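The values are calculated or read from the model by the stated rules, or taken from the named source; none is laboratory data. Quick caveat: nothing in here was measured; it's all calculated off a predicted structure. With ideal geometry, Cβ positions are generated from the backbone for all residues, glycine too; neighbour counts draw on all protein chains shown.
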Amino acid sequence: MSTKEAAISAVQAQIDSERDWVVGLTRDMVRIPTVNPKFQEDAALNREADLQALLEPILRDEGFATEQWDALPGRPNLVGEKAGAEERSLILCGHIDVVPVGAAGDWTVDPFGGEVKDGRLYGRGSIDMKGGVAACIAASRAIRQAGIDLVGRLAFHAVVDEEAGGFGAMDAVKRGKLAKAVLVAEPTWGDVLPAEGGLEWVRVTIRGRTAHAGWRYNEIYPQRHEEGRLEPGVNAIDLANRFMQALRHYELDRARAKDHPLVPVGLNTINVGVIQGGAGLGGNGLPTIMTNPAIIPDVVVLDLDMKFLPNESSAEVRREFEAFVHHFAQTDAWMRGHPPAVQWELGGLHFPAMNTPVDHPLVTSLVEHQTRLGKAPEVRGFVAVCDAAHYAGAGVDGVIFGPSGDGFHGVDEYVDIDSLVRSTKVIAASVIDWCGVR
């Protein structure tokens with residue numbers, strides 16, 4: 001048995017001997033509510049700082065040099081570092097914010113109780129993704145307890161705000177908290193996910209010209225251009241309706257023209273998520289009058305959720321979409337002189353694509369160790385987005401891997417305990433593979 005194989009065997013035996021440790025840490029984390037305040041503002045529920053205060057001394061006990069800072073006001077990121085070689089450096093990453101409980105009466109357990117029954121640990125955030133965070137810490141702990149000295153630098157990132165755009169991870173990246181690779185322990189049901197599409201939030205503003213609705217005939221039917229004729233209105237909602245029909249065809253064309261082997265065909269959708277139409281463009285970029293149908297509206301604002309493939313770049317996607325909008329405007333006499341405006345990174349939100357090769361050493365390591373401990377995992381792409389994107393956008397090779405469960409963003413959320421322990425063992429083995437042992 002090689003030195004590395006002996007190290008992996010020792011670490012996994014250590015995890016088995018203390019399997020309740022990762023369960024207990026997950027339970028303790030669930031019992032500290034960390035609802036993202038952007039969704040529900042309540043001091044009793046917005047306790048991210050308390051959770052980081054729980055984790056930081058644990059990290060220090062495991063030999064990490066730690067650092068906290070506010071990524072957003074009152075919302076701290078926590079980073080731990082163990083020194084080592086940069087060419088074999090690795091980040092273990094997870095977010096600590098959770099979505100609101102919703103209707104608490106629909107739950108059959110206390111959403112923040114951390115109840116364990118039938119091989120499951122229940123509570124908001126148990127699978128999304130406090131279990132994954134706990135697995136990363138438990139893996140690091142077992143490596144230390146087994147006396148393994150890693151060659152590469154090992155970092156741990158507990159970040160805020162993933163559920164609302166990933167501004168915690170974005171801030172960590174801006175501060176240069178990077179490595180050669182990152183493992184994000186989101187729930188994957190034991191599969192290995194080296195790819196995910198990117199995401200843009202984009203706003204399209206279509207302008208018309210206001211007029212009294214009684215004179216709509218003057219806009220839509222041919223009129224004699226006599227002296228004194230009232231200036232016709234231009235109904236921006238009519239223009240927006242035509243734009244959305246064209247957008248649907250553009251969306252289908254994108255799906256037919258491009259694909260990626262790890263994600264479903266057509267993943268690169270364009271969702272019209274919010275429409276606001278009316279009269280008078282306000283300083284906030286939205287219509288000021290939306291309650292008077294007697295006015296021909298002069299502005300429609302469309303907010304789009306635009307996904308793109310792992311093998312596409314943001315620059316490419318933006319360039320192609322702006323070309324589509326330009327060509328659409330050329331089909332209308334009014335819009336040729338008043339083209340729609342396109343605003344990228346609405347709300348500051350932007351997720352780069354991640355496209356780590358399937359033969360990347362971290363990918364093959366996770367596949368190997370998950371196969372040894374259970375069924376062979378599927379190697380596939382992530383159909384949503386997560387913080388791995390922000391690291392990938394900075395040049396860090398990313399992989400998503402974590403435990404099984406259900407109820408995330410719903411009721412009776414839980415993490416499967418056997419999968420939690422198994423994920424801890426797989427993560428620990430892959431840390432040893434990637435970072436190496438002395």
Residues located in the stretch 191-214, provided they are farther than 30 Å from residue 430 by Cβ and in a strand (DSSP E or B): 200, 201, 202, 203, 204, 205, 206, 207, 209, 211, 212
Filter pass, residue 251 being acidic (Asp, Glu), surrounded by 16 or more Cβ atoms within 10 Å (Cβ to Cβ), in the same structural domain as residue 217 (by TED's automatic domain parsing) and assigned to a loop (DSSP other than H, G, I, E, B): no
Test: residue in the stretch 280-287 that is surrounded by fewer than 15 Cβ atoms within 10 Å (Cβ to Cβ) and either within 29 Å of the chain's Cα centre (by Cα) or assigned to a helix (DSSP H, G or I) (or both): yes
Any strands (runs of 3 or more DSSP E) falling wholly within the stretch 1-117 and containing at least 1 residues that are in contact with a Ser or Thr (Cβ under 9 Å, 6 or more places away or on another chain) and in contact (Cβ under 8 Å) with a residue 24 or more places away in the chain: 75-82, 85-95
Any pair with Cβ under 9 angstrom, 6 or more apart, that starts in the stretch 331-354 at a residue that is at positive phi and part of a loop (DSSP other than H, G, I, E, B) and ends at one that is modelled with pLDDT of 95 or more and not small (Gly, Ala, Ser): 345/200; 345/201; 345/202
Selected residue (criterion: modelled with the lowest pLDDT) from residues of the stretch 215-248 that are of a type in the set (Gly, Ala, Ser) and part of a loop (DSSP other than H, G, I, E, B): 228
Selection from the stretch 368-406 of residues that are of a type in the set (A, V, I, L, M) and crowded, with 21+ Cβ neighbours inside 10 Å: 385, 388, 389, 392, 396, 399, 400
First in the stretch 373-391 and farther than 19 Å from residue 260 by Cβ and assigned by TED's automatic domain parsing to the domain that holds residue 94, second anywhere and crowded, with 19+ Cβ neighbours inside 10 Å and among the basic types (Lys, Arg), Cβ under 7 Å, 6 or more apart: 373/422; 373/425; 374/422
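Does the stretch 100-137 hold any residues that are among the acidic types (Asp, Glu) and buried (at least 24 other Cβ atoms within 10 Å of the Cβ), and which are they?
Just the residues of the stretch 100-137 that are among the acidic types (Asp, Glu), to begin with: 106, 110, 115, 118, 128.
Once the filter is applied, which keeps residues that are among the acidic types (Asp, Glu) and buried (at least 24 other Cβ atoms within 10 Å of the Cβ), the stretch 100-137 yields only 128.
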Identity of the residue in the stretch 147-190, of a type in the set (Lys, Arg) and in a loop (DSSP other than H, G, I, E, B), that ends up surrounded by the most Cβ atoms within 10 Å (Cβ to Cβ): 177
In the stretch 368-390, the residues that are among the acidic types (Asp, Glu) and under 15 Å from residue 182 (Cβ atoms): 387
Residue check for residue 312: part of a loop (DSSP other than H, G, I, E, B), under 25 Å from residue 381 (Cβ atoms) and of a type in the set (D, E, K, R): yes
Residue within the stretch 191-209 that is more than 28 Å from residue 305 (Cβ to Cβ), buried (at least 19 other Cβ atoms within 10 Å of the Cβ) and either touching a Gly at 6+ places or on another chain (Cβ under 6 Å) or aliphatic (A, V, I, L, M) (or both) present: no
